[in-house]
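One structure is given below, encoded as structure tokens.
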Amino acid sequence: MSEMSLQVQEHDAATTIMVTLVEGVEIQDAAEFETAGELLKAAAARAKEIESLRVTAVRPLNAQVQTINDLFRPSLDRLKKVVAGVKGMMARYTMRQRAEQTRLLQAAAAASAASVPTAALEAVKAAADALPPQVQGVSTRRVWNWTVVDQAQVPEEYLLVLVNKTKVDEAVKAGVREIPGIKIVEDVVVVARVG
């Protein structure tokens with residue numbers, strides 16, 4: 001077993017003891033509060049030691065991963081651009097062909113309504129041929145996207161109102177204790193300083 005594995009096992013055993021010390025316990029008096037503070041500092045120190053061990057163990061691996069990623073990144077980035085470009089070209093072609101198909105089907109309907117069966121049949125055949133060819137392993141599907149062009153006209157049910165957290169935090173820090181629609185409460189944050 002490696003030296004690091006032994007260290008991790010020792011830390012894990014001590015951690016297990018610390019966990020059993022705090023499970024289901026509430027502080028009842030000042031002496032217990034002081035004991036809890038010492039336990040908190042010991043736990044924070046142990047967490048810092050364990051994190052240091054972990055970082056020491058993964059640093060060389062992360063460096064290797066970074067080197068490998070740097071090696072492959074240029075080609076992968078360029079290929080992503082190729083894939084995006086080709087998908088864009090295929091999507092635009094498909095949209096043009098669908099528009100042409102729609103135009104031909106409308107012409108077929110008009111010819112049929114005008115009792116010109118041969119023209120209607122030719123338009124229907126042309127419409128069937130207007131779709132892009134099927135390429136094995138490549139498919140297209142219709143999706144509907146949207147963009148807001150005038151937010152004032154968007155119905156309320158489609159709007160999302162967010163509270164400006166930064167502004168509220170600044171106000172509370174400045175002493176504001178009442179803001180309509182917001183409940184402001186005091187909490188306690190315990191900090192353990194580890195050398």
On the basis of being touching a residue at least 40 places away in the same chain (Cβ under 8 Å), under 34 Å from the mean Cα position of the chain (by Cα) and surrounded by 10 or more Cβ atoms within 10 Å (Cβ to Cβ), does A44 make the cut? yes
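Answer yes if at least one residue in region 127-144 is more than 30 Å from A45 (Cβ to Cβ), hydroxyl-bearing (S, T, Y) and surrounded by 10 or more Cβ atoms within 10 Å (Cβ to Cβ), and no otherwise. Can you show your working first?
Start the filter on region 127-144 by keeping residues that are more than 30 Å from A45 (Cβ to Cβ), which leaves 127-144.
Retained after the next criterion (residues that are hydroxyl-bearing (S, T, Y)): 139-140.
Subsequent filtering for residues that are surrounded by 10 or more Cβ atoms within 10 Å (Cβ to Cβ) retains 140.
Scanning region 127-144 turns up at least one residue that is more than 30 Å from A45 (Cβ to Cβ), hydroxyl-bearing (S, T, Y) and surrounded by 10 or more Cβ atoms within 10 Å (Cβ to Cβ).
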Can you tell me which residue is farthest from the chain's Cα centre (by Cα) among those in region 47-62 that are more than 16 Å from A14 (Cα to Cα) and of a type in the set (A, V, I, L, M)? A57
Out of all the residues in region 21-41, which are assigned to a helix (DSSP H, G or I), more than 14 Å from V190 (Cβ to Cβ) and within 40 Å of the chain's Cα centre (by Cα)? L21
With T147, T166, T140 as the choices, which residue is of a type outside the set (K, R) and in contact with a helix residue (DSSP H, G or I) (Cβ under 7 Å, 6 or more places away or on another chain)? T140
Checked pairs for region 111-137, first of a type outside the set (A, V, I, L, M), second assigned to a helix (DSSP H, G or I) and surrounded by 11 or more Cβ atoms within 10 Å (Cβ to Cβ), C-beta under 7 Å and 6 or more apart or across chains, list as S112/A120; P132/Y93; P132/T94; P132/Q97
Over region 143-179, the set of residues among the hydroxyl-bearing types (S, T, Y) and more than 30 Å from A91 (Cβ to Cβ) is T166
Output for region 86-124, where each listed residue is out of contact with any helix residue (DSSP H, G or I) (no Cβ under 9 Å at 6 or more places or on another chain) and charged (D, E, K, R): K87, R92, R96, R98
Given the criteria over 30 Å from E38 (Cα atoms), outside any helix (DSSP H, G or I), of a type outside the set (A, V, I, L, M, F, W, C) and over 31 Å from the mean Cα position of the chain (by Cα), does G195 qualify? no
Those residues that are out of contact with any helix residue (DSSP H, G or I) (no Cβ under 6 Å at 6 or more places or on another chain) and either more than 17 Å from V191 (Cα to Cα) or not in a helix (DSSP H, G or I) (or both), I need them from region 42-52; list them, please. E49, E51, S52
Given A108, A127, which one is of a type in the set (A, V, I, L, M, F, W, C) and under 30 Å from V86 (Cβ atoms)? A127
Counted residues in region 164-195 being surrounded by 10 or more Cβ atoms within 10 Å (Cβ to Cβ) and at pLDDT 90 or above come to 10
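The values are calculated or read from the model by the stated rules, or taken from the named source; none is laboratory data. Nothing here was measured: the structure is a model prediction, and the numbers come from that model. Cβ: placed from backbone, ideal geometry, glycine included. Neighbour counts: every protein chain shown.
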